[in-house]
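Visitor: Sending over a structure as structure tokens; questions will come in a sec.
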Amino acid sequence: MVNITIKDLMSKKNISRYKLQQLTNWNYKRINALYFSRVKYITLEEIEKLSNILDCDIQDIVSIDK
């Protein structure tokens with residue numbers, strides 16, 4: 001299973017879901033889905049934007065449970 005793990009990164013950077021919404025211009029429903037790892041897909045553009053905002057690598061955002 002693939003997981004989006006931005007919750008801890010956002011906490012470390014002191015970025016709220018509201019702040020992330022302002023920085024990305026994505027709707028709040030999308031932010032919540034990413035935050036709680038309930039997304040069915042994520043685009044490369046979204047991963048790139050998140051990695052730039054959170055100052056991290058792709059593997060910090062996406063993890064795979066085996």
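Visitor: Looking at the range 1-16, I want the residues that are acidic (D, E) and have a partner that is assigned to a helix (DSSP H, G or I) and crowded, with 16+ Cβ neighbours inside 10 Å with Cβ atoms under 9 Å, at least 6 apart or on another chain. Which pairs are those?
Guide: none
Visitor: Please count how many residues of the range 29-66 are open to solvent by 40 Å² or more (accessible area, probe 1.4 Å), β-branched (V, I, T) and in a helix (DSSP H, G or I).
Guide: Qualifying residue count for the region: 2.
Visitor: Are any residues in the range 1-28 polar (S, T, N, Q), open to solvent by 40 Å² or more (accessible area, probe 1.4 Å) and within 19 Å of S63 (Cβ to Cβ), and if so, which ones? Walk me through it before giving the result.
Guide: Looking only at the range 1-28, we keep the residues that are polar (S, T, N, Q), and these are 3, 5, 11, 14, 16, 21-22, 24-25, 27.
Add one more test, that the residue is open to solvent by 40 Å² or more (accessible area, probe 1.4 Å), and what stays is 5, 11, 14, 16, 21-22, 25, 27.
Passing the criteria: T5, S11.
The values are calculated or read from the model by the stated rules, or taken from the named source; none is laboratory data. Just so it is clear, the model here is predicted, and its values are computed rather than measured. Methodologically, a virtual Cβ is constructed for each residue, glycine included, from the backbone with ideal geometry; neighbour enumeration extends over all protein chains shown. Calculation scope for accessible area: heavy atoms of the full protein, side chains included, ligands and nucleic acids excluded. Shrake-Rupley method; radii C 1.70, N 1.55, O 1.52, S 1.80 Å.
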